Amino acid sequence: MGKHQKHAKLKLRDNDNFAPNEIAFVGTKCDIISNLVHQVSEKLRNYKLSYFDASHSKDVENLAIETFTFHYKGTLNSSANYEVNKFNQRVQFSQYDFVFINGNHYQGAKQILILDKDKKASVLKRLDQLNNIQFVIKLTDDVEFFDFLVEKNPQVKNLHCYSITEIDKISKHIENLIKEKIAPIQGLVLAGGKSVRMGTDKGMLNFYGKNQRDVAIELLEKNNLKTFLSVRSVQEIKIEHKITDKFVGLGPFGAICSAFQENPDVAWLVIATDLPFVNDEVIQLLLKHRNPSKAATTIKGKDKQFPEPLITIWEPKSYTLLLNYLAQGYSCPRKVLINSDVEIVEVDDSLIRNINTPEEFKAAHKEIND
């Protein structure tokens, strides 16, 4: 008899210890680490960055009330009681491209070793934590690799080595680490709607000599995207790459969440089947302007007030946002976009017209085929 599985087996997101992408600075004093982090952060302003550190205060406040004070521009200053817990931190850091960690206090999945001749004992103490060193920084020109370090990891001397003053080079190396973990994109064609107003499956409508479901799939595959069809469980559609709704009864919102449950480590370019005027130019424009630092990159009509959630690249970080909105009782993907940090790409309104009724279908079919 096989081992009993108590809980549903879900695909875990590819997280580091505390965040999707993190690095710990190890080997020198905390103030040097903090100063270096802030200098590098200034060079990498295009990314969402965070710093994970520990207080050196001996007194720990047991606050009766947690305070959240916002500057009038929206910047938060908070005093709250939190214990370090990797699951909570992964939620806390889910929206960041990169998290810097003070390795004197917490272990990062990746490390930057700072060689400081006065901190030999500190490095020896944390030798087992230095299991994925990305590069080395010398605090002074005369500092040498410690013998025990080379004995433990002979390859360390072959790593890139920078001076502490080479902020541009250090920043560029870290930027490359950020870029390495940018999620690939897969396509998701939404074909699970009930098409109540149309009276027939909108995915089966024929505008271009074949059903619109296949047209949308081919449009994404033409742009080198592995593409899946999003369907409800009652739809008997024989296709290799399909994702059946697991968030039932939530429409497109549930379809997007179901795709992330299938694979939380990719960005999903979502397109609905009721958008026959979306062409290759629109898809390429969306891909060109993709901003992985944002929760999503979305299309908006130039004369429209709100973005179109069903022609959008949803980044992996948006999955947490979607579930947070669901927990509040909202299942509107447009509401998530409107209230989140997203990249907006504007196009002519005529390219993103929804076709929802038989009358609209007849008019659109005539326009396309005349």
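The values are calculated or read from the model by the stated rules, or taken from the named source; none is laboratory data. Because the structure is predicted, anything quoted here is derived from the model rather than measured. Here Cβ is always computed from backbone atoms with ideal geometry, including for glycine, and neighbour counts include all displayed protein chains. The area values use the complete protein model at the heavy-atom level, side chains included, leaving out ligands, DNA and RNA. Shrake-Rupley method; radii C 1.70, N 1.55, O 1.52, S 1.80 Å.
Using bins of 10 Å that start at zero, the share of Cα-Cα pairs per bin across the chain amounts to 5, 20, 26, 20, 16, 10, 4, 1, in whole %. Here the label points at LYS222 and ASP31, each 7 Å from Cα along the C-beta direction, are separated by 6.2 nm in the simple model.
Under conditions of 20 °C and 1.002 mPa s, region 77-151 yields 147 µm² s⁻¹ as its translational diffusion coefficient, taking Rh as the Kirkwood radius over Cα pairs in the Stokes-Einstein equation. Distance between the 7 Å Cα→Cβ label points at LEU323 and GLU346: 3.6 nm. Share of carbon and sulfur in the accessible area of the chain stands at 48%, probe radius 1.4 Å. Compared with the dominant principal axis of the Cα atoms in the chain, helix 212-221 is inclined by about 30°. Extension gain for HIS105-TYR82 works out to 6.7 nm (0.36 nm per residue, less the C-alpha to C-alpha distance). Solvent-accessible surface of the chain, averaged per residue with a 1.4 angstrom probe and all protein chains in place: 55 square angstrom.
Less than 5 angstrom separates the built amide H of ALA296 from those of GLU315, GLU343, all sequence-distant by 5 or more or on a different chain. Among the listed pairs LYS226/LYS302; LYS157/LYS317; LYS181/LYS242; LYS222/LYS294, those with a Cα-Cα distance over 32 Å are LYS157/LYS317. Rounded to 0.05, the FRET efficiency of the ASP303 and GLU240 pair, given R0 = 41 Å and the Cβ-Cβ distance, is 0.55. With respect to the chain, whose longest principal axis is taken over its alpha-carbon atoms, helix 317-327 is tilted by about 70°. Out of SER122, LEU323, PRO20, whose Cα points farthest toward the positive end of the dipole of the chain (charges: +1 Lys, Arg; -1 Asp, Glu; placed on Cβ)? Farthest towards the positive end: LEU323.
Using only the Cα atoms, work out Rg/Rh for region 252-370, with Rh taken as the Kirkwood radius, to two decimals. Checking Rg against Rh, the ratio lands at 0.99.
One quarter of the surface of the convex hull around the alpha-carbon atoms of region 159-255 equals 10.5 nm², the direction-averaged projected area.
Given +1 at the Cβ of Lys and Arg, -1 at the Cβ of Asp and Glu and no other charges, the dipole of region 180-336 around its Cα centre is 380 debye to the nearest 20. Peptides 67-78, 257-268, 164-175, 302-313, ordered by how many other C-beta atoms sit within 10 Å of their residues on average, highest first, read 257-268, 302-313, 164-175, 67-78. For region 43-177, taking the reciprocal of the average inverse distance between every pair of different Cα atoms yields a Kirkwood hydrodynamic radius of 17.6 Å.
Helix-only estimate, please: 222 nm mean residue ellipticity of the chain, summing -39500 (n - 2.57) across DSSP H runs of length 4 or more and dividing by its residues, to the nearest 500. About -8500 deg cm²/dmol. From the Cα gyration tensor of region 269-309, with a ≥ b ≥ c the square roots of its eigenvalues, which class applies: rounded if a/c is under 1.5, or else prolate if a/b is larger than b/c, or else oblate? Oblate, because a/c is 1.5 or more while a/b does not exceed b/c.
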